[in-house]
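Engineer: After the structure tokens below, expect a handful of questions from me.
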Amino acid sequence: MSDITIAASANGFHKLFNELRDDFHFSKSDSASFGPFSASYAVAVHLQGGNLALNDDNTIDVTDLEIVWDTLEVQVCFTLPELVPSFCIVPDPWNGCLVGFPGIGGESICAPLDFSGLVSEITDLKATLITNYYVDPARQPGWSDLDAEVNGHPNQWRLFIDPVWVHIDPIDIPATAGNLLENAVKDAINALIPSWVPGWVKDLVWAAVGPILDFVVGLLGIVGTIEDWLSNLLGSTFDLLGALETAIADYFASENPIDLFEDPFPVLQASGGLIPVKIPIRNLTATVNSKEMVVVADVGA
Amino acid sequence: MSTTFDPYLFSQVGLDSGALTMLGAIVHSFGEAGEYRGTVRRDQDAMATFYVTVDKACAVADAKIDLAKLASPANEDGGCCRAENGPRFVVHPKGYAVFHVSGGPGGYAVNVRRADENPELKAYDSRVLQSGDIFAGVLMRPGRYTIRNELSDADAEVTVAYPVVGKVAYKPPPPQDVKCGETIAPRRIELQPVQGLNFRVDAPARIRIELLEPDDGPAPAAG
């Protein structure tokens with residue numbers, strides 16, 4: 001039989017979880033080249049909502065936990081067709097070209113897209129509780145437990161929610177992405193063309209580009225919808241969802257305890273010239289059932 | 001300054017084989033192996049020198065010689081391997097030197113002679129194109145032009161269509177071949193926007209193309 005038993009109601013556990021959830025923030029940016037185009041992104045997210053259920057099999061289920069993309073900016077860059085395309089001057093006998101006229105132009109443009117404010121969902125997060133004994137690396141080797149407490153570096157028993165799995169839904173890029181991309185490309189081309197060029201030059205540029213969406217879809221090799229392509233680019237190609245799932249798992253499982261207990265545990269504060277009373281805690285474990293979280297431990301020597 | 005919107009692309013609407021700009025190039029085959037020394041000229045001024053080694057052992061079919069780079073003091077290597085006295089290009093005797101201009105106002109011609117300075121061998125002057133030379137160019141501005149060989153008084157006319165934004169991206173058709181010497185054939189040429197022109201020279205020529213009548217496209221819709 002354990003010497004110490006502490007229980008927190010499901011409601012209390014929920015409050016602890018909410019505090020932890022609200023402190024989660026994740027940001028990341030990356031860029032890569034994919035041959036005919038390059039892409040980059042910058043994201044920042046926080047978590048909100050979620051329903052927590054404690055189970056009798058010592059597991060925790062979190063459903064409907066939302067990922068709010070405070071920043072979700074994507075940029076796609078590519079090269080426009082040459083204004084004067086290269087052409088053959090001297091053909092070779094094998095149907096190729098021996099000498100060509102050098103093409104002129106072929107400028108790079110970037111189309112920025114901003115989907116900030118989107119919300120995704122963690123459809124499935126299953127976890128158990130784990131405990132971890134923490135020795136503060138700032139604690140000096142010669143310190144007593146009292147020295148460590150006074151200096152703010154005591155040992156701790158830490159209690160973590162350890163996700164067994166985290167599954168995030170694909171980023172739900174809205175169906176308006178096609179229009180946004182079309183407008184972004186149009187704006188980028190307009191910004192590229194100097195105001196002083198005559199009208200026939202502008203018409204030449206737009207004729208070479210043709211219908212913008214067809215041009216972009218062909219250039220980027222998009223099969224299916226633009227929103228699905230963007231969602232796949234971010235989620236799978238850049239593995240943003242994998243990075244986020246890992247960040248959430250690490251955040252709960254090893255970086256931020258849901259609760260912690262100082263060891264030795266202070267029972268009475270110092271007073272009247274007497275040192276504080278502290279009891280060493282050993283063999284701390286934590287479990288959950290459908291009603292509460294239960295922490296048990298022994299008092300050490 | 002981007003190349004696409006280099007102001008010279010749009011202000012120099014004509015072409016002159018004796019004063020190359022960004023929209024024109026001369027293709028010349030030396031034919032005989034040897035060492036050649038070239039001079040880049042603008043009007044009467046010598047702007048730069050270069051060397052061409054025409055060597056049977058060299059597999060290079062075309063040596064692209066950028067006259068703008070050669071003439072630019074900022075780019076001393078001229079985009080090539082710099083020899084002791086100037087940039088050197090290497091090409092096979094059956095290959096071609098391609099004299100072109102990558103940017104700026106242009107107006108260049110080249111003068112090339114055997115490096116051994118044998119006075120009996122005539123120098124090549126790009127202001128007088130020789131049989132076998134090709135003058136390639138693009139007329140960007142839509143409109144009607146005259147073509148004239150100033151050395152034979154042969155002439156022709158060319159029309160460049162106005163660009164239209166269609167249901168597919170526009171790509172110009174293959175270049176139009178034109179025979180140029182004592183006569184120019186065909187005499188009436190219809191070109192699509194930025195379609196190339198290849199003048200295949202069969203007698204001494206200096207080809208000058210001048211805008212007769214610009215085409216500014218359809219009038220904007222009223223209102």
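The values are calculated or read from the model by the stated rules, or taken from the named source; none is laboratory data. Values in this document were obtained by computation on a predicted structure and should not be read as measured data. Glycine gets a Cβ as well: all are built from the backbone with ideal geometry, and neighbour counts include every protein chain shown.
Engineer: Does A:Gly210 satisfy the criteria of being within 21 Å of B:Ala219 (Cβ to Cβ) and either out of contact with any Ser or Thr (no Cβ under 7 Å at 6 or more places or on another chain) or more than 7 Å from chain B (Cβ to nearest Cβ) (or both)?
Structural biologist: Details: within 21 Å of B:Ala219 (Cβ to Cβ): no; either out of contact with any Ser or Thr (no Cβ under 7 Å at 6 or more places or on another chain) or more than 7 Å from chain B (Cβ to nearest Cβ) (or both): yes.
The answer is no for A:Gly210.
Engineer: Which is surrounded by 14 or more Cβ atoms within 10 Å (Cβ to Cβ), assigned to a strand (DSSP E or B) and of a type in the set (Lys, Arg), of B:Arg141, B:Arg127, B:Arg113? Before the answer, list the steps.
Structural biologist: Values: B:Arg141 fails: assigned to a strand (DSSP E or B); B:Arg127 fails: assigned to a strand (DSSP E or B).
Step by step, each of B:Arg141, B:Arg127, B:Arg113 is checked, and only B:Arg113 is surrounded by 14 or more Cβ atoms within 10 Å (Cβ to Cβ), assigned to a strand (DSSP E or B) and of a type in the set (Lys, Arg).
Engineer: Moving on. Read through the list (1) under 21 Å from B:Pro204 (Cβ atoms); (2) assigned to a loop (DSSP other than H, G, I, E, B), then give the number of the only condition that B:Thr146 fails.
Structural biologist: (2)
Engineer: So A:Ala111 fits all but one of (1) out of contact with any Cys (no Cβ under 7 Å at 6 or more places or on another chain); (2) of a type in the set (A, V, I, L, M, F, W, C); (3) facing chain B (nearest Cβ under 8 Å); what number is the exception?
Structural biologist: Condition not satisfied by A:Ala111: (3).
Engineer: Determine if segment A:195-206 includes at least one residue that is within 14 Å of another protein chain (Cβ to nearest Cβ), part of a loop (DSSP other than H, G, I, E, B) and touching a Gly at 6+ places or on another chain (Cβ under 8 Å).
Structural biologist: Filtering segment A:195-206 for residues within 14 Å of another protein chain (Cβ to nearest Cβ) gives A:195-206.
From what is left, the residues that are part of a loop (DSSP other than H, G, I, E, B) are A:195-198.
If we keep only those that are touching a Gly at 6+ places or on another chain (Cβ under 8 Å) as well, we get none.
No.
Engineer: Inspect all residues belonging to segment A:130-145 and state whether any of them is within 14 Å of chain B (Cβ to nearest Cβ) and either assigned to a strand (DSSP E or B) or closer than 30 Å to A:Ala32 by Cβ (or both). It would help to see each step written out before you state the result.
Structural biologist: Narrowing segment A:130-145 to residues within 14 Å of chain B (Cβ to nearest Cβ): none.
For segment A:130-145, residues within 14 Å of chain B (Cβ to nearest Cβ) and either assigned to a strand (DSSP E or B) or closer than 30 Å to A:Ala32 by Cβ (or both): absent.
Engineer: Would a scan of segment A:260-269 turn up a residue that is surrounded by 18 or more Cβ atoms within 10 Å (Cβ to Cβ) and closer than 22 Å to A:Asn179 by Cα?
Structural biologist: There is no residue in segment A:260-269 that is surrounded by 18 or more Cβ atoms within 10 Å (Cβ to Cβ) and closer than 22 Å to A:Asn179 by Cα.
Engineer: Which pairs have Cβ atoms under 9 Å, sit 6 or more apart or on different chains, and link a residue in segment A:27-56 that is more than 19 Å from A:Tyr251 (Cβ to Cβ) to one that is of a type in the set (Lys, Arg) and at pLDDT 95 or above?
Structural biologist: A:Tyr41/A:Lys28; A:Ala42/A:Lys28
Engineer: What are the residues in segment A:207-235 that are assigned to a loop (DSSP other than H, G, I, E, B) and more than 18 Å from A:Ala39 (Cβ to Cβ), if any? Break it down stepwise before answering.
Structural biologist: At the first step, the residues of segment A:207-235 found to be assigned to a loop (DSSP other than H, G, I, E, B) are A:210-211, A:221-225.
Within segment A:207-235, A:Gly210, A:Pro211 qualify.
Engineer: For segment A:116-123, state whether one or more residues are touching a residue at least 60 places away in the same chain (Cβ under 8 Å), part of a strand (DSSP E or B) and crowded, with 18+ Cβ neighbours inside 10 Å.
Structural biologist: yes
Engineer: What is the number of the single condition among (1) of a type outside the set (D, E, K, R); (2) outside any loop (DSSP other than H, G, I, E, B); (3) at pLDDT below 95 that B:Leu212 does not meet?
Structural biologist: (3)
Engineer: State all residues of segment A:148-188 that are within 23 Å of A:Leu284 (Cα to Cα) and assigned to a helix (DSSP H, G or I); if no residue qualifies, say none.
Structural biologist: Of everything in segment A:148-188, those that are within 23 Å of A:Leu284 (Cα to Cα) and assigned to a helix (DSSP H, G or I) turn out to be A:Ala148, A:Glu149.
Engineer: Exactly one condition in (1) acidic (Asp, Glu); (2) out of contact with any strand residue (DSSP E or B) (no Cβ under 6 Å at 6 or more places or on another chain); (3) in contact (Cβ under 8 Å) with a residue 40 or more places away in the chain; (4) more than 30 Å from A:Leu233 (Cβ to Cβ) is not met by A:Asp23; state its number.
Structural biologist: (4)
Engineer: Another question, then. Filter segment B:22-75 for residues that are farther than 29 Å from B:Asp6 by Cα, in contact (Cβ under 8 Å) with a residue 40 or more places away in the chain, part of a loop (DSSP other than H, G, I, E, B) and in contact with a Gly (Cβ under 7 Å, 6 or more places away or on another chain) and give the result.
Structural biologist: Answer for segment B:22-75, where residues must be farther than 29 Å from B:Asp6 by Cα, in contact (Cβ under 8 Å) with a residue 40 or more places away in the chain, part of a loop (DSSP other than H, G, I, E, B) and in contact with a Gly (Cβ under 7 Å, 6 or more places away or on another chain): just B:Ser29.
Engineer: On to the next question. Given the criteria modelled with pLDDT under 95 and either of a type in the set (Phe, Trp, Tyr) or not assigned by TED's automatic domain parsing to the domain that holds B:Asp43 (or both), does B:Tyr124 qualify?
Structural biologist: On the way: modelled with pLDDT under 95: yes; either of a type in the set (Phe, Trp, Tyr) or not assigned by TED's automatic domain parsing to the domain that holds B:Asp43 (or both): yes.
Spelling it out, B:Tyr124 is indeed modelled with pLDDT under 95 and either of a type in the set (Phe, Trp, Tyr) or not assigned by TED's automatic domain parsing to the domain that holds B:Asp43 (or both).
Residue-wise test of (1) assigned to a strand (DSSP E or B); (2) surrounded by fewer than 16 Cβ atoms within 10 Å (Cβ to Cβ); (3) of a type in the set (A, V, I, L, M); (4) under 18 Å from the mean Cα position of the chain (by Cα).
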{"position": "A:Asn11", "(1), (2), (3), (4)": "no, yes, no, no"}
{"position": "A:Arg21", "(1), (2), (3), (4)": "no, no, no, yes"}
{"position": "A:Lys28", "(1), (2), (3), (4)": "yes, yes, no, yes"}
{"position": "A:Ala32", "(1), (2), (3), (4)": "yes, yes, yes, yes"}
{"position": "A:Val45", "(1), (2), (3), (4)": "yes, no, yes, yes"}
{"position": "A:Leu52", "(1), (2), (3), (4)": "yes, no, yes, no"}
{"position": "A:Asp61", "(1), (2), (3), (4)": "yes, yes, no, no"}
{"position": "A:Val68", "(1), (2), (3), (4)": "yes, no, yes, yes"}
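Engineer: Looking only at segment B:144-170, how many residues end up being within 7 Å of another protein chain (Cβ to nearest Cβ) and not aliphatic (A, V, I, L, M)? Outline the logic, then answer.
Structural biologist: Step one: filter segment B:144-170 for residues within 7 Å of another protein chain (Cβ to nearest Cβ), giving B:162-170.
From the residues that got through so far, the ones that are not aliphatic (A, V, I, L, M) too are B:162-163, B:166-167, B:170.
The total comes to 5.
Engineer: Does B:Ile184 satisfy the condition of being closer than 20 Å to B:His28 by Cβ and under 17 Å from the mean Cα position of the chain (by Cα)? Before the answer, list the steps.
Structural biologist: Working: closer than 20 Å to B:His28 by Cβ: yes; under 17 Å from the mean Cα position of the chain (by Cα): no.
So B:Ile184 does not fit the description; no.
Engineer: Please determine, by comparing only the residues of segment A:174-200 that are touching a Ser or Thr at 6+ places or on another chain (Cβ under 9 Å) and touching a residue at least 60 places away in the same chain (Cβ under 8 Å), which one is farthest from A:Phe34 (Cα to Cα).
Structural biologist: A:Leu192
Engineer: Turning to a different aspect of this structure: Report yes if some residue within segment B:134-155 is in contact (Cβ under 8 Å) with a residue 40 or more places away in the chain and touching a Cys at 6+ places or on another chain (Cβ under 7 Å); otherwise report no. Can you show your working first?
Structural biologist: Residues of segment B:134-155 in contact (Cβ under 8 Å) with a residue 40 or more places away in the chain: B:134-152.
When the remaining residues are screened for being touching a Cys at 6+ places or on another chain (Cβ under 7 Å), the result is B:149.
Yes, segment B:134-155 contains a residue that is in contact (Cβ under 8 Å) with a residue 40 or more places away in the chain and touching a Cys at 6+ places or on another chain (Cβ under 7 Å).
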